[in-house]
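Worksheet: the structure to be examined is printed underneath.
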Amino acid sequence: MAKKMPTFNLPAADALFTTQEQRDDDKREKILDIPLSEIDDFPDHPFLVKMDESMQAMVDSIKTIGVQTPAVVRRKGDGRYELVSGHRRKRASELAGLETMPCIVRELTYDEAVITMVDANLQREVILPSEKARSYKMKMEAMKRQGQRNDLTSVPAAQRSAGKTTRELIGEQVGESQDQVRRYIRLTELNPPILDMVDEGRIAMRPAVELSYLPQEEQQILLDVIGSEERTPSHVQATKLRKLSNEGHLDYDAIVSIIKDETPPRVEHFKLPKEKIQHFFPLGTPALAIEDTIIKALELWHKNQ
């Protein structure tokens, strides 16, 4: 019988040729000037990088004083970097003619990177409904995966707040109810052109949520009808569309009939003069975002009375 050879636990190569101090230093976060050509955007980044006045102002600032706040990146397996936060700064740096950008290199798992990316971008003054929808969904899925794992260095979200749903945790962090978080996440089921109409304020939140339950092929038919009739569904109409869809009776003729149906008696709405409130919001803020902010302010005022 062959004699079993003894096994040896050999130290890693870096342990042989580096000091503990060097190894500890390698783990510390550093700010590095990284070539823009080596930085890839975050996959499925849910926030738009728009060429607006704010972007032009950032470009002008970077040309004058450079990038003052480092972006956050994480290393990829191929030696490149993945941008976690700082997509607008990267684009502005490119437009300003820079070749590098200061970045904090952070060791993050994919799920940790998703949460960091979403939290950083939710600090923006203006956030479109589609951006909230996609980012809330990405964060919810990442938090759920973290709650299912036991190999993370940080305590999973499910253990930190026992008894609370992931939507409730997100709601507490962003100042929304868990029902509102659910509504935003439902918007990710909308056909992209319909979601664009929500961003533009042509379709309100409540009917948009109802429409999100229609199968994609029915949403496409609805798009055709919206184009031909030049009108979008109200909440009452969207509810009828969803009901017929659930019953298996929604087709082109039914959608046309509902969309062309007489508008129910209008409920009187309270209107604020635009000139009295516009200076509180950045130029170009969507009407839906202004309405959402005013409602939140009133709810906070009422709560403190």
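The values are calculated or read from the model by the stated rules, or taken from the named source; none is laboratory data. Computed from a predicted structure; not experimentally measured. Heads up, the Cβs are rebuilt from the backbone with ideal geometry, glycines too, and the neighbour counts pull from every protein chain shown.
Given the structure, is GLN159 out of contact with any Gly (no Cβ under 7 Å at 6 or more places or on another chain), crowded, with 18+ Cβ neighbours inside 10 Å and at pLDDT below 90? Here the answer is no, as GLN159 does not meet what is asked. Scanning segment 164-213 for residues that are over 16 Å from ALA289 (Cα atoms), acidic (Asp, Glu) and in contact with a helix residue (DSSP H, G or I) (Cβ under 7 Å, 6 or more places away or on another chain) yields a count of 2. Considering segment 72-125, and only residues there that are out of contact with any helix residue (DSSP H, G or I) (no Cβ under 6 Å at 6 or more places or on another chain) and among the β-branched types (Val, Ile, Thr), the residue that is surrounded by the most Cβ atoms within 10 Å (Cβ to Cβ) turns out to be VAL73.
Could you check segment 29-72 and list, in sequence order, the residues that are under 12 Å from ARG88 (Cβ atoms) and either of a type in the set (Phe, Trp, Tyr) or not in a loop (DSSP other than H, G, I, E, B) (or both)?
Step one: filter segment 29-72 for residues under 12 Å from ARG88 (Cβ atoms), giving 41, 45, 47-52, 54-59, 61-62, 67, 69, 71.
Residues satisfying the conditions are PHE47, SER54, MET55, GLN56, ALA57, MET58, VAL59, SER61, ILE62, ALA71.
One residue alone among SER212, SER228, SER257, SER234 is among the hydroxyl-bearing types (Ser, Thr, Tyr), surrounded by 21 or more Cβ atoms within 10 Å (Cβ to Cβ) and not assigned by TED's automatic domain parsing to the domain that holds LYS132, and that residue is SER212.
This table checks each residue for (1) touching a His at 6+ places or on another chain (Cβ under 7 Å); (2) within 20 Å of LYS139 (Cα to Cα); (3) of a type in the set (Gly, Ala, Ser).
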| site | (1), (2), (3) |
| --- | --- |
| HIS45 | yes, yes, no |
| LEU48 | no, yes, no |
| SER54 | no, no, yes |
| GLN68 | no, no, no |
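With the condition kept exactly as written, say whether any residue in segment 216-228 is modelled with pLDDT of 95 or more, touching a Lys or Arg at 6+ places or on another chain (Cβ under 7 Å), among the hydrophobic types (A, V, I, L, M, F, W, C) and not in a loop (DSSP other than H, G, I, E, B). No, segment 216-228 has no match at all.
When the residues of segment 8-62 are filtered to those that are aromatic (Phe, Trp, Tyr) and at pLDDT below 90, which remaining residue is farthest from the chain's Cα centre (by Cα)? Top of the filtered list is PHE8. Scanning segment 249-272 for any residue that is under 24 Å from TYR184 (Cβ atoms) and at pLDDT 95 or above turns up nothing.
Residues that are touching a Phe, Trp or Tyr at 6+ places or on another chain (Cβ under 8 Å), over 20 Å from GLU131 (Cβ atoms), not in a helix (DSSP H, G or I) and not β-branched (Val, Ile, Thr) do occur in segment 97-112, at least one of them.
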